[in-house]
Every structure is written in structure tokens, then in C-alpha cells.
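The values are calculated or read from the model by the stated rules, or taken from the named source; none is laboratory data. What you are looking at is a predicted structure, and each value in this text was computed from that prediction instead of being measured. Here Cβ is always computed from backbone atoms with ideal geometry, including for glycine, and neighbour counts include all displayed protein chains. Keep in mind that these areas ignore ligands, DNA and RNA; they rest on the heavy atoms of the full protein, side chains included. Shrake-Rupley method; radii C 1.70, N 1.55, O 1.52, S 1.80 Å.
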Amino acid sequence: MAADPQVLDELRRLRARVPQLTGALATGVDGRVLAQDTPGVDPDGMAALIESAHGAAVKLADATGQGELRELLVRGVYGYVATYAAGDAAVLTLLAQDRVSLGRLLLEGRRAAARIGEFGDARRTPAHHAPPAREAKAPKDAKDPNAAEPQATEPEAGPAAKTAAARTRTPRAPRTTTANARTTTES
């Protein structure tokens with residue numbers, strides 16, 4: 001299968017920005033490989049595992065009320081496996097050494113996943129093709145009281161988005177301080 005050149009280029013730039021990465025793989029949520037830069041790792045086998053892990057993580061995030069899945073992080077003895085949602089149809093997975101800066105890994109992974117998601121969105125909805133607009137209903141005629149009211153033209157809505165249950169926060173208890181608390185350091 002031919003790799004998507006834009007996605008492959010993004011994976012290579014990502015590996016250059018984070019030298020402790022040992023591999024990068026972009027897959028569809030269905031488990032097909034979009035592009036890979038994973039020396040020494042079977043990309044098809046890894047894609048199948050990513051599909052399973054991604055599905056389980058989506059269910060876990062939904063069941064616990066955490067909302068839409070953004071990322072999944074696994075830490076092993078020898079390093080990390082970080083998986084990111086990349087738009088609606090793709091998943092970015094990074095393999096990194098244990099000595100990687102975790103903050104850098106998460107930041108760069110999120111940025112790359114956003115770009116890869118944009119590539120996929122651009123392929124599905126080209127810029128020169130706007131989504132079809134709804135037909136405006138005929139204006140109400142004074143002679144026909146049952147005619148429909150005029151409606152604003154809106155673009156077609158995509159699949160219905162899941163609405164998360166409203167989360168409430170419990171107020172924190174006020175801090176208690178002691179009268180003998182030191183506010184300066186003494187030499």
C-alpha cells in the first residue's frame with residue numbers, strides 16, 4: 001500500500017523534532033496503515049493492536065464521562081507508546097525511548113495529530129467544494145395561512161455529536177493555616 005505523502009512527511013518531521021522517537025505510525029480508525037516510519041516493527045500488526053486499543057480507550061473515555069478520546073499513553077519498562085486521535089478518521093501512534101521528555105512527546109504528538117487530522121479532513125471535504133446547503137422553504141403567502149415560515153439556509157450537519165453529561169465540581173474546602181507558619185527562609 002502506498003503511504004500518504006503528506007502524512008509520511010509529517011511523521012519524518014516529527015521524528016526530527018523529537019530524537020528519542022523510535023517510530024511513528026498513522027492509521028485509520030479501521031486499522032489500515034496510512035503512513036509509517038517504524039523501523040523494526042511490523043506496521044500491519046501494530047495497526048491491528050492500535051485499532052483494538054483505540055476502540056477500548058474510546059469506550060473507557062465515554063463510560064467514565066471524560067468525553068471524546070484525545071490520547072492514550074502506555075509506559076513500559078523500555079519506553080512509551082503514545083496514541084492520539086487525529087481528526088475523525090485517523091490515529092497517530094508514537095513509540096519513544098524511556099528517556100524522552102514526556103512533556104515534549106505529548107506536545108509534539110498533539111501538534112502532529114492535529115496536522116494529520118487536517119490532511120484527512122481536507123481530503124474528505126475539498127476547499128473548493130462546500131457542503132450542500134439546505135433548501136430554503138418558500139415564504140409564507142398571505143393567501144395560504146398553512147404555508148411554511150421562511151428558513152435560513154444552513155449547511156448540512158454531519159453525524160450527530162454526542163453530548164456529554166454536564167459535570168459539576170465540588171467546591172474545595174478552605175485551607176487552614178497555622179499561626180506559626182514560616183514565610184521566609186532563614187540561613
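Taking into account only those residues within region 34-57 that are modelled with pLDDT of 90 or more and of a type in the set (D, E, K, R), which is nearest to the chain's Cα centre (by Cα)? Among them, the one singled out is 51. Scanning region 14-47 for residues that are in a helix (DSSP H, G or I) and without any contact (Cβ under 8 Å) to a residue 24 or more places away in the chain yields 15, 16, 43, 44, 45, 47. Take residue 57 and decide whether it is in contact with a strand residue (DSSP E or B) (Cβ under 7 Å, 6 or more places away or on another chain) and assigned to a helix (DSSP H, G or I). Against the criterion (in contact with a strand residue (DSSP E or B) (Cβ under 7 Å, 6 or more places away or on another chain) and assigned to a helix (DSSP H, G or I)), residue 57 qualifies.
The rows are residues; the columns are (1) basic (Lys, Arg); (2) surrounded by 13 or more Cβ atoms within 10 Å (Cβ to Cβ).
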site	(1), (2)
64	no, no
75	yes, no
81	no, yes
120	no, yes
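On the stretch given as region 11-59, residues that are touching a Lys or Arg at 6+ places or on another chain (Cβ under 8 Å) and open to solvent by 30 Å² or more (accessible area, probe 1.4 Å) total 2.
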